[in-house]
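Have a look at the structure below before the remarks.
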């Protein structure tokens, strides 16, 4: 077996690894909104109002991201989070410029399409979803 064949055979594990890394990074956006950890999102260092659009985003990012990190209910949660990121892009970033590199929306676009990918591809073999299927 060639090195290339072995490497390609690891694609499912890398799918799980990508899901875990992206989810871990994503969660910090939610915890910043809800708990001001690891950084505050408001100028005065407080948290956002829970019963606001930013509060809902924080809940989705923290708890939806945690479910995806575990690989549990990955497809529906990823689809929901992809939609959240699309809304965030068009409500916040697109109004400044249509170009993500110019409007600060690159990470939002990346998250949107990463979640869209996982909504179709699933969590991969290292996940609770895979454990529940077996």
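What follows draws every value from the coordinates through simple rules; no lab data is involved. Everything numeric here is computed off the predicted structure, so don't read it as measured data. Note: ideal-geometry Cβ built from the backbone for every residue, glycine included; neighbour counts use all protein chains shown.
Using r as the Cβ-Cβ distance of residue 6 and residue 101, and R0 as 30 Å, what FRET efficiency do you calculate, to the nearest 0.05? My answer for the efficiency is 0.25.
Between residue 134 and residue 72, the FRET efficiency from the beta-carbon distance, with R0 = 22 Å, is close to 0.95. Rounded to the nearest 500, the 222 nm mean residue ellipticity of the chain from helices alone is -19500 deg cm²/dmol, with -39,500 (n - 2.57) taken per DSSP H run of at least 4 residues. The modelled label-to-label distance for the pair residue 113/residue 46, using points 7 Å beyond Cα in the direction of Cβ, is 3.8 nm.
Residue separation times 0.36 nm, minus the C-alpha to C-alpha distance between residue 18 and residue 90: what's the value?
23.4 nm
Direction-averaged projected area, Cα convex hull, the chain: 10.0 nm², rounded to one decimal. Entry note, the chain: relative contact order of 27 percent, from Cα contacts under 8 Å with a spacing of 6+ residues. Angle of helix 11-35 to the longest C-alpha principal axis of the chain, folded into 0 to 90 degrees and rounded to 10: 20°.
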